[in-house]
Structure formats: structure tokens, C-alpha cells
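Asker: Submitted below is the structure of interest, expressed as C-alpha cells.
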């Protein structure tokens, strides 16, 4: 898994690859992870925007232009594993 939270799953039965990519809409966060400087206890606003375990929607690689023909989105609290199992069944 990368610092963006992106990872790939392969179905060993048919060789199908599934790419999972958390997208951060920033609607449900009061501040980015890692944005508080531990030395000064102030918000620096830089670190967490780069390394927060998700990508902004505009930076997603999962697009039709990149060859992804079946794009699924989870609801809040829904597991990507549930969607992966649905796609592989």
C-alpha cells in the first residue's frame, strides 16, 4: 500500500486485478492528518495534505480514460472488501 492508500488485489482464480483507491473529499475532517507540528503545537497545513492515506478526486488514477470500465464507490462506513467480493462473484 502506498502513502495514498492505493492498493491492488488480484483474484488468483482468473487473474483479474482490482485497484482500490481511497478518495478524500475533506468534508468530514476538521484538519488533515499530520498537520499539527509537534514542536510548536500549531497547524502547519502542509504535511497531512500530502500523506493522509487518500487521494483527492482530481488525482485519482481510476478513470475511464485510464482503462477502468467498472468504477465502484463505497458509501461512508462501507468496506472496499464488500465491493471486491461482489465484483469477483
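Quick note: the coordinates plus some simple rules give every number you see, no bench work behind them. Source: prediction; values computed, not measured. Note that we place each Cβ from the backbone using ideal geometry, even for glycine, and neighbour counts take in every protein chain shown.
Asker: When a footprinting reagent is the concern and you count Cβ atoms within 10 Å, what order do 56, 21 take, fewest first? Could the numbers behind the result be given before it?
Answerer: Working: 56 13, 21 20.
Ascending Cβ contact count within 10 Å gives the list 56, 21.
Asker: Arrange the following residues from fewest to most other Cβ atoms within 10 Å of their Cβ: 89, 60, 79.
Answerer: Working: 89 5, 60 18, 79 9.
Least to most surrounded, the residues fall as 89, 79, 60.
Asker: Also, I was wondering about something else. Among 72, 57, 65, which comes first, second and so on when ranked by fewest other beta-carbon atoms within 10 Å?
Answerer: Working: 72 15, 57 12, 65 6.
Result, fewest neighbours first: 65, 57, 72.
Asker: Quick one: length gained pulling residue 64 to residue 23 fully straight, 0.36 nm per residue minus the C-alpha distance? Write out the running numbers ahead of the final one.
Answerer: Details: separation 41, 0.36 × 41 = 14.76 nm, distance 1.61 nm.
Length gained, residue 64 through residue 23: 13.1 nm.
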